[in-house]
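In what follows, a structure is listed as structure tokens, so that the remarks can point back to it.
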Amino acid sequence: MAIRILVVDDSMIFRDGLRLLIESRVNWEVCGEAVDGLEGVQKNRLLKPHLIIMDLSMSRMSGIEAAVEILKEFPKVPILLLTPYLTRQLAEEARNVGIRATLSKTAPHQLVDGIDATLHGEEFTIPMT
């Protein structure tokens with residue numbers, strides 16, 4: 001059975017790149033895409049993915065706000081939060097709301113490891129300086 005991943009990001013170019021990366025892996029598939037946090041909440045209800053990869057900064061609802069809403073209803077769904085500006089404070093804030101992994105968009109080479117770790121129930125945050 002394929003691992004179903006929901007991608008929530010306001011950049012079509014970034015979503016396309018994530019889709020290529022995800023679908024290059026055996027048994028991983030993008031089950032859906034959303035352009036903002038509000039749509040991400042709705043698509044999660046509809047698609048019930050195994051993992052959500054979500055951008056932090058989006059219109060209508062941020063990634064953290066969307067994660068809070070999703071985790072109220074689906075507390076076990078793993079969420080990997082992406083941001084171009086990852087800080088210790090942001091990683092801690094994300095962890096406090098139940099997000100299992102945070103990763104900088106400037107470290108795409110770490111994304112596969114982040115997805116693997118998150119799917120295996122591990123927390124994953126690239127060390128920050």
Per GNM of the chain with C-alpha springs under 10 angstrom, the most fluctuating residue out of Gly37, Gly114, Gly17 is Gly17
Pairwise Lys count, the chain - Cα closer than 21 Å, eight or more residues apart or different chains: 4
Length gained, Met12-Ser57, 0.36 nm per residue minus C-alpha separation, equals 14.8 nm
So for the pair Ala2, Lys76, with labels modelled 7 Å out along Cα→Cβ, what separation do we get in nm? 2.3
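Over the chain, consider all pairs of different Cα atoms and compute the Kirkwood hydrodynamic radius from their mean reciprocal separation; express it in Å, one decimal.
Evaluated over the chain, this radius sits at 14.1 Å.
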Relative exposure of Val77, Val26, judged by other C-beta atoms within 10 Å (fewest first): Val26, Val77
For Ser24, Ser104, what ranking results if the residue with the fewest other Cβ atoms within 10 Å of its Cβ goes first? Ser24, Ser104
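Taken together, the values in this text are just the output of simple stated rules run on the coordinates, not laboratory data. For clarity, every value in this text was computed on a predicted model and none was experimentally measured. Cβ sites come from the backbone with ideal geometry, for glycine too, and all protein chains shown count toward neighbours.
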